[in-house]
Amino acid sequence: MNRGSKVLLALAAGTLAVSSLIACSGSSDEVNLYSSRNEGLIKPLLDEFTAETGIRVNLLTGSGSGLLSRIQSEGSNTPADLFLTVDAGSLHRAKQANLFQPIHTQILEGAVPDHLRDSERHWYGLSMRARPVFYAKERVNPEEITDYLSLADEQWRGRICVRSSDNIYNQSMVAAMIAHHGEAVTEEWARGLVANFARNPVGGDRDQIHAVASGQCDIAIANTYYFGGMSLSEDATNQNTVSKVAIAWPAQDSYGTHVNVSGIGLIKSARNPENAIKLMNFLARESSQNWYAEANSEYPVNPNAQWSEVLQSWGNFKADEISMSELGENNAAAVRLMDRAGWR
Ligand code: FE
């Protein structure tokens, strides 16, 4: 190729770039994201996306249920292109409410394992969290913690802390138990667990872990990233808790420790579907996934992404590979069952 034709090619490429810019500004260079994750947990990634693609992300944050009803009441006029929220149970509620449209992209299919996305592709998991047992190092031998079922054994009478049954994390955990053991066994288990409570459920997951450190209970069930946050915090209470508490991974000899996801779906009436899909792909790729692990001590869903130092310090574990869709499908049964078992 001579020099002249190289210049011509470069000029042509330049023209293309300019005309595609004009085409984009004629349509829309933005995407609207409704997110139940607080801004700090998502904004840096969104800024990186904008810097890379020129697509502005308008972020609206709120509670998961609040945003869900907002999208419902806005109907087909909703500006929302994407809804991001935590817990497969909540994502399933959004799907049931007819909010999402199914999508397939090669990047999402490759990045998000089958069990961590909706079975009909209405939503995709973006980060994974585990719900293991946290135990007092001074008072508990971790070998005593074998699986979730054994938490109903008499040896744990008055020793367990866990938050209330209106919390979706517990509902999803019980939904998984129903899938593995059936309703009858799970209900008996829930009664035994309630009998083992050290106190009436109060507070969130963090409070349960702190309660183990302060001696109110010997073991607690909670999500891993809260403990990660404490490990990275310089606050004295957090540091004290981290020094006294450790993680035991239940069900390693059977189906694995219960896990859940945060996830995202494309809104049915999205006006910027192409930009929205670009953002979904972006959030699932390795570098974004690494960021989740670093910033929020969540496990990446993308198997090629790296675990942060905190995650590595907790060691490898076998995670339950039950389909996240089942957690949503069993949610109503789980809620009724917990009520019958007296789990307040
Ligand atoms: Fe949480």
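Side notes on the structure shown:
- Whether the range 126-176 is rounded, prolate or oblate, judged on the alpha carbon gyration tensor where a/c under 1.5 counts as rounded: prolate
- Listed by chain and number, the aspartates and glutamates whose alpha-carbon sits under 17 Å from that of residue 318, ignoring those within fewer than 8 places in the same chain, are 114, 143, 147, 253, 298.
- Beta bridges per DSSP, both residues in the chain: antiparallel share near 65 percent.
- The C-alpha radius of gyration of the chain, expressed as a fraction of 2.2 N^0.38 Å, stands at 1.12.
- Cross-link partners of residue 95 among lysines (Cα-Cα below 27 Å; sequence separation of 8 or more within a chain): 43, 268, 278
- Label-to-label distance, nm, for residues given as residue 120 and residue 70 (7 Å Cα→Cβ offset): 2.6
- Within the range 242-282, backbone nitrogen closer than 17 Å to the virtual label 7 Å beyond the Cα of residue 137 toward Cβ: 242-249
- Using just its DSSP H runs of length 4 or more, each adding -39500 (n - 2.57), the chain gives a mean residue ellipticity at 222 nm of -14000 deg cm²/dmol after division by all residues.
- Local charge for residue 105 was computed over the other residues whose Cβ lies under 12 Å away, with Lys and Arg +1 and Asp and Glu -1, and equals +2.
- Cβ-derived FRET efficiency at R0 41 Å, residue 195 paired with residue 59, nearest 0.05: 0.40
- For the range 39-163: rounded, prolate or oblate by the Cα gyration tensor [a/c cutoff 1.5]: prolate
- Partners of residue 137 within straight-line reach, counting lysines whose Cα lies under 20 Å from its Cα and excluding those fewer than 8 residues away in the same chain: 244.
- Summed residue charge, Cβ within 13 Å of residue 293's Cβ, Lys/Arg positive, Asp/Glu negative: -3
- Cα gyration tensor shape for the range 180-250, rounded if a/c is under 1.5, else prolate or oblate: prolate
- Local net charge near residue 328, Cβ-Cβ under 13 Å (Lys/Arg +1, Asp/Glu -1): -2
- Viscosity 1.306 mPa s, temperature 10 °C, Stokes-Einstein D of the range 68-134 from Kirkwood C-alpha radius, µm²/s: 120
- Ranking of 134, 227, 197 by count of other Cβ atoms within 10 Å, fewest first: 197, 227, 134
- Full extension of the chain between residue 106 and residue 153 gives 12.3 nm of extra length, using 0.36 nm per residue less the Cα-Cα distance.
- Longest segment of the chain lacking GluC sites (Glu not before Pro) that sit in a DSSP loop with at most 10 other Cβ atoms within 10 Å: 1-119
- Structural descriptor for the chain: relative contact order 27 percent, calculated from alpha carbon pairs under 8 angstrom and at least 6 residues apart.
- In degrees, nearest ten, helix 273-284 long axis to first principal axis of the chain (Cα): 50
The numbers here are math on the coordinates, done by the rules we state, and not lab data. All of these numbers come straight from a predicted model, not from anything done at the bench. We place every Cβ from the backbone using ideal geometry, glycine too, and count neighbours over all the protein chains shown.
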